[in-house]
1. From the list VAL223, VAL209, VAL236, exactly one residue is within 28 Å of ASP31 (Cα to Cα) and either touching an Asp or Glu at 6+ places or on another chain (Cβ under 6 Å) or outside the structural domain of SER96 (by TED's automatic domain parsing) (or both). Which is it?
2. Could you tell me whether ALA94 is under 18 Å from HIS17 (Cα atoms) and at pLDDT 95 or above?
3. Inside segment 216-237, can you point out the residues that are part of a helix (DSSP H, G or I) and of a type in the set (D, E, K, R)?
4. If I filter segment 192-215 down to residues being outside any helix (DSSP H, G or I) and under 14 Å from the mean Cα position of the chain (by Cα), which single residue comes out as farthest from ALA21 (Cα to Cα)?
5. Is it true that some residue in segment 98-110 is part of a helix (DSSP H, G or I), touching a strand residue (DSSP E or B) at 6+ places or on another chain (Cβ under 9 Å), among the charged types (D, E, K, R) and on the phi < 0 side of the Ramachandran plot?
6. Could you check ALA75 against (1) closer than 24 Å to PHE10 by Cβ; (2) small (Gly, Ala, Ser); (3) touching a residue at least 40 places away in the same chain (Cβ under 8 Å) and say which number it fails?
7. Pull up segment 25-50, narrow it to residues that are touching a Leu at 6+ places or on another chain (Cβ under 9 Å) and assigned to a loop (DSSP other than H, G, I, E, B), then point me to the one that is surrounded by the fewest Cβ atoms within 10 Å (Cβ to Cβ).
Amino acid sequence: MTAPITLYQFELCPFCHKVKAGLEVKGLAYDKVEVNPMNKKELPPGLPEDAPKKVPVLRFADGEIVYDSTDILNALEAKHPERPFTPADADRKARSDAVEAWVDDTFAQALPTVIYGTWGESLKAAQVTARTSNFGFVQNIGVRAGGSLIMHQISKKILKRNGRGPKEGRAWVREEVERFEGWLGGDDFIGGAEPSLGDVAMHGALTCVRDFPIFAELMERPVLQAWYDRVQARRVP
């Protein structure tokens with residue numbers, strides 16, 4: 001049976017993993033369509049003319065198409081209020097919203113520097129793309145080689161723009177993880193007893209790098225590892 005929801009995504013996009021985390025925390029079945037990041041031709045018809053040509057994009061069972069990871073998760077919450085990730089407590093909601101914004105604006109921006117930061121990481125990224133894509137042979141070669149080369153250059157620009165040296169991506173990511181652990185404190189989740197939007201966003205971002213050495217390094221942190229496992233246990237793939 002065809003899943004009622006379709007996610008248009010790219011496997012190395014943290015914002016796509018954020019949406020997948022939201023879908024799975026809610027226990028919603030979905031299909032995935034891998035989108036070529038070079039030409040985006042797999043994006044669905046019906047996108048608004050002013051919509052950016054990028055992933056993630058979600059098509060609901062009723063045909064509604066939503067883009068932007070935050071808007072998608074808000075739409076999921078509205079259409080599927082079961083297993084909510086919006087805390088009822090106002091203070092916790094404010095903290096969850098702040099963490100989600102930080103993931104989008106800061107943490108997700110740091111991740112390309114540990115996915116494409118070195119040539120070895122870029123090779124790993126190409127392997128992940130090859131394993132997860134359904135592109136044809138020529139498309140696959142183009143995305144693996146050209147995409148990794150472009151992103152390697154972009155990662156260097158990201159570091160420079162943020163006042164970081166060319167080899168400081170890992171240190172930057174570790175600093176941001178320490179910030180997250182401070183917000184988490186002694187709680188099970190950012191949302192308290194249940195995962196919130198902030199938990200969903202951070203879990204998705206970390207899952208994006210699970211095939212890379214930085215993930216194993218970060219999972220050596222007991223607080224982060226325990227939190228990650230708790231959220232993972234709530235996800236229903």
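The values are calculated or read from the model by the stated rules, or taken from the named source; none is laboratory data. Just so we're clear, the structure is a prediction, and the values are computed from it rather than from any experiment. Positions of Cβ are generated from backbone atoms using ideal geometry, with glycine treated the same way; all protein chains shown enter the neighbour counts.
1. Result of the check over VAL223, VAL209, VAL236: VAL236.
2. The answer is no for ALA94.
3. Of the residues in segment 216-237, the ones part of a helix (DSSP H, G or I) are 216-218, 222-234.
GLU217, ASP229, ARG230, ARG234 - these are the residues of segment 216-237 that are part of a helix (DSSP H, G or I) and of a type in the set (D, E, K, R).
4. So the first thing to find is which residues in segment 192-215 are outside any helix (DSSP H, G or I), and the list is 192-196, 209-212.
Pick out the ones that are also under 14 Å from the mean Cα position of the chain (by Cα) and you get 209-211.
On the way: VAL209: 14, ARG210: 14, ASP211: 17 Å.
Selected residue: ASP211.
5. From segment 98-110, those part of a helix (DSSP H, G or I) are 98-110; that's our starting set.
Add one more test, that the residue is touching a strand residue (DSSP E or B) at 6+ places or on another chain (Cβ under 9 Å), and what stays is none.
Scanning segment 98-110, I find no residue that is part of a helix (DSSP H, G or I), touching a strand residue (DSSP E or B) at 6+ places or on another chain (Cβ under 9 Å), among the charged types (D, E, K, R) and on the phi < 0 side of the Ramachandran plot, so the answer is no.
6. Looking at each condition in turn, ALA75 falls short on (3).
7. The first filter runs over segment 25-50 and keeps only residues touching a Leu at 6+ places or on another chain (Cβ under 9 Å), leaving 26, 28-33, 35, 37.
If we keep only those that are assigned to a loop (DSSP other than H, G, I, E, B) as well, we get 26, 28-30, 35, 37.
Values: LYS26: 21, LEU28: 17, ALA29: 13, TYR30: 18, VAL35: 26, PRO37: 20.
So the residue we want is ALA29.
For every residue, the table says whether it meets (1) under 28 Å from PRO195 (Cβ atoms); (2) of a type in the set (A, V, I, L, M).
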site: GLN9; (1), (2): yes, no
site: CYS13; (1), (2): yes, no
site: GLY22; (1), (2): yes, no
site: GLY27; (1), (2): yes, no
site: GLU42; (1), (2): no, no
site: PRO48; (1), (2): no, no
site: VAL57; (1), (2): yes, yes
site: PHE60; (1), (2): yes, no
site: THR70; (1), (2): yes, no
